Amino acid sequence: MSDPKNDAPGGSPTDGKQPDAALPPGRRRPAADSPDQDRAPKQRGATRAATPSHGPDVRSIDIDDNSKTKLNWHASGGGPAMPRPFVSTTKGPVYPSRVTGIDSTAMGGTAPATGPSSGDHKPIRIAHLYPSLLNVAGDGGNLIALERRAQWRGIPVETVAVEKGDQPDFRTFDIVLFHGGQDVEMAVVAADLTGKVPSLRRAAEEGVIVFAVCAGLQLLGHRYVSNSGEEMLGAGILDLETFGGPQRFMQHAACEVTIDGRTETVVGFENHSGLTQLGPGCEPFGRVVAGAGNNGRDGFEGARWRNVFATYLHGPCLPKNPWLTDSLLKIAIGRAENVPSSMVRLSLLDDGLERRAHDTALAKAMANRGRRTALEPAKLTRGQRPGSQAGT
């Protein structure tokens with residue numbers, strides 16, 4: 001893990017700036033007498049005194065003839081954007097507003113033409129559960145995707161790491177992230193999660209978004225029983241249970257997901273041996289297009305209940321599925337502004353890179369369709385170390 005105190009390469013410990021040569025092509029710091037430097041964006045309620053060194057300010061935004069948003073980035077206070085450590089409690093940079101407000105075409109054209117601007121919107125608060133324990137498969141990229149896609153639209157974000165022993169009121173958050181991990185770390189998390197369940201359950205009942213991946217999905221259910229026979233009690237928020245299976249599913253995967261009446265293909269990479277069975281109290285997150293899904297049999301992928309979305313898709317999932325990321329943001333904004341998420345219209349971003357990543361992952365998933373990849377895991381007895389021989 002990178003040291004959160006380190007600045008971007010080439011930075012100076014005295015001024016936090018980089019030489020222009022260290023900036024990516026096309027990104028140059030404005031001259032000292034540039035009028036842009038005197039027009040720093042103002043944000044109601046912002047307490048930030050200076051631009052953090054972990055990201056740039058957006059000083060101008062151009063809209064082309066097709067209403068596709070293009071960004072003219074002018075770096076200041078630390079040069080190009082650097083992923084900030086997601087294990088610390090911090091507020092991201094505040095960008096100029098690009099949220100267009102309420103969609104005037106939503107709900108039969110009865111919605112007002114304008115709605116709350118992002119400049120007036122309170123920060124989206126994200127709780128990141130156990131980032132020091134559940135940090136495999138690059139799932140931290142889900143946090144970065146949410147942060148950046150909100151901040152690029154002028155919506156401030158506050159992220160709080162919730163670790164072992166912490167007891168926050170999850171109702172004070174808009175989004176809770178619960179990512180993947182291995183069995184050893186899952187056991188530690190399961191033991192600690194017991195004290196967090198009442199607050200987490202109340203938050204889920206009130207509509208707080210929970211986005212869970214793999215181990216997070218399993219621990220939101222009633223129980224997870226590992227291959228070694230160890231039973232871990234879950235939160236019981238999702239009506240499901242999972243048992244360790246004889247095969248490990250490792251492959252690119254895709255499923256069809258419907259949110260607010262719109263269906264899209266969501267892609268990712270599955271890597272699990274758990275066999276998850278849904279109960280009547282929840283529905284699948286999606287329907288399998290390619291891959292094994294929850295168990296390789298029923299065609300279901302993940303689980304959903306209210307605003308709890310759980311999936312087996314790593315990748316990380318959200319960066320290569322911008323529609324899903326924006327759907328979660330719209331639910332969070334709509335809930336905060338007390339309007340249906342279907343009436344929230346986000347400004348358009350240039351998603352060319354994200355679409356290419358999505359299409360590449362989908363092509364790989366479809367190439368394996370019908371030829372499911374499954375690996376036979378090593379059979380270990382409880383307490384046995386990998387590499388040693390089981391039994392005699």
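Given the condition surrounded by fewer than 19 Cβ atoms within 10 Å (Cβ to Cβ) and farther than 25 Å from Pro319 by Cβ, answer yes or no: does some residue in segment 171-181 qualify?
yes
Any idea which residue in segment 171-184 is farthest from His222 (Cα to Cα), counting only those that are more than 17 Å from the chain's Cα centre (by Cα) and modelled with pLDDT of 95 or more?
If we take residues in segment 171-184 being more than 17 Å from the chain's Cα centre (by Cα) and modelled with pLDDT of 95 or more, then Thr172 is farthest from His222 (Cα to Cα).
So, in segment 198-220, exactly how many residues are part of a helix (DSSP H, G or I) and either aromatic (Phe, Trp, Tyr) or in contact (Cβ under 8 Å) with a residue 40 or more places away in the chain (or both)?
8
How many of the residues making up segment 298-316 are in a strand (DSSP E or B) and of a type outside the set (A, V, I, L, M)?
Here the count works out to 7.
For every residue, the table says whether it meets (1) surrounded by fewer than 18 Cβ atoms within 10 Å (Cβ to Cβ); (2) at pLDDT 95 or above; (3) out of contact with any Pro (no Cβ under 9 Å at 6 or more places or on another chain); (4) in the same structural domain as Arg201 (by TED's automatic domain parsing).
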| site | (1), (2), (3), (4) |
| --- | --- |
| Thr242 | no, yes, yes, yes |
| Val267 | no, yes, yes, yes |
| Glu270 | no, yes, yes, yes |
| Gly286 | no, yes, yes, yes |
| Asn294 | no, yes, no, yes |
| Glu301 | no, yes, no, yes |
| Arg306 | yes, yes, yes, yes |
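Give, as residue ranges, the strands (runs of 3 or more DSSP E) completely inside segment 221-297 that count at least 1 residues that are among the hydroxyl-bearing types (Ser, Thr, Tyr).
Qualifying strands (runs of 3 or more DSSP E): 223-225, 240-259, 262-278.
Sort through Phe300, Phe309, Phe285 and tell me the only one that's without any contact (Cβ under 8 Å) to a residue 40 or more places away in the chain and touching a Phe, Trp or Tyr at 6+ places or on another chain (Cβ under 7 Å).
Answer to the selection: Phe285.
Looking only at segment 120-149, count how many residues are in a loop (DSSP other than H, G, I, E, B) and not polar (S, T, N, Q).
Looking only at that region, the number is 11.
Does segment 333-345 include one or more residues that are crowded, with 24+ Cβ neighbours inside 10 Å and assigned to a strand (DSSP E or B)?
Yes, the conditions are met somewhere in segment 333-345.
The values are calculated or read from the model by the stated rules, or taken from the named source; none is laboratory data. Treat the numbers as computed from the prediction; the structure is a model and nothing was measured. Quick reminder, even Gly has a Cβ in these numbers, built from the backbone with ideal geometry, and neighbours come from all protein chains shown.
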